[in-house]
């Protein structure tokens, strides 16, 4: 069990993501999300955006995958005791370079990335989960990074459900 992080373990910006995880069982929530995304993506137009200037379904999904990779990398570095300050990433600068995959391929990529995240998270000790570092100029623990991954995914699933018509 990976306890919900205390607000002191992450910057205030991330509080909405941590709160977006409804379950107390982080590993269970992480394991369930790829199935939810399979359902959310099924039959959708990958190029549909809900408004001008907003990401398409494909771009939003690629963003979720990319962000998970970034936060899992941060968690890995910190869990292994590397406190080298890490830069942020400019999500909007990444979007024009997305490979334009089908939603089926993106769902499979999300599932693969999530499997890697779970393989990283499951064996971590409380000591490793409590370690942390700096990214984007803010301190964060490994535990918080893992909760942010789940919360960020949940946040974008909600947006997909609520704003993107079927």
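The values are calculated or read from the model by the stated rules, or taken from the named source; none is laboratory data. Because the structure is predicted, anything quoted here is derived from the model rather than measured. All Cβ positions, glycine included, derive from the backbone under ideal geometry; neighbour counts span all protein chains shown.
Within the set 160, 146, 124, 129, the sole residue that is within 21 Å of residue 84 (Cβ to Cβ), surrounded by fewer than 21 Cβ atoms within 10 Å (Cβ to Cβ) and touching a residue at least 60 places away in the same chain (Cβ under 8 Å) turns out to be 124. When 75, 119 are checked against the criterion of being in a helix (DSSP H, G or I), surrounded by 12 or more Cβ atoms within 10 Å (Cβ to Cβ) and under 17 Å from the mean Cα position of the chain (by Cα), 75 stands alone in meeting it.
Filtering the stretch 9-25 to residues that are over 14 Å from the mean Cα position of the chain (by Cα) and touching a residue at least 60 places away in the same chain (Cβ under 8 Å) leaves 9, 10, 11, 13, 22.
Residue 32 passes every criterion in (1) in a helix (DSSP H, G or I); (2) free of Cβ contacts under 8 Å to residues at least 60 places away in the same chain; (3) touching a helix residue (DSSP H, G or I) at 6+ places or on another chain (Cβ under 6 Å) apart from (3). For the stretch 145-153, state whether one or more residues are at pLDDT below 95, under 17 Å from the mean Cα position of the chain (by Cα) and either assigned to a helix (DSSP H, G or I) or within 26 Å of residue 38 (Cβ to Cβ) (or both). Scanning the stretch 145-153, I find no residue that is at pLDDT below 95, under 17 Å from the mean Cα position of the chain (by Cα) and either assigned to a helix (DSSP H, G or I) or within 26 Å of residue 38 (Cβ to Cβ) (or both), so the answer is no. Tallying residues that are farther than 22 Å from residue 163 by Cβ and outside any helix (DSSP H, G or I) within the stretch 1-29 yields 11. Filter the stretch 3-17 for residues that are over 15 Å from residue 156 (Cβ atoms) and surrounded by fewer than 20 Cβ atoms within 10 Å (Cβ to Cβ) and give the result. Within the stretch 3-17, 3, 4, 6, 7, 8, 11, 12, 13, 15 qualify. Restricting 70, 64 to those that are closer than 24 Å to residue 38 by Cβ, in a helix (DSSP H, G or I) and out of contact with any helix residue (DSSP H, G or I) (no Cβ under 6 Å at 6 or more places or on another chain) reduces the list to 70. Among residues that are buried (at least 17 other Cβ atoms within 10 Å of the Cβ), in contact (Cβ under 8 Å) with a residue 12 or more places away in the chain and out of contact with any helix residue (DSSP H, G or I) (no Cβ under 6 Å at 6 or more places or on another chain), residue 44 is not included.
The sole residue among 110, 129 that is part of a helix (DSSP H, G or I), under 14 Å from the mean Cα position of the chain (by Cα) and at pLDDT 95 or above is 110.
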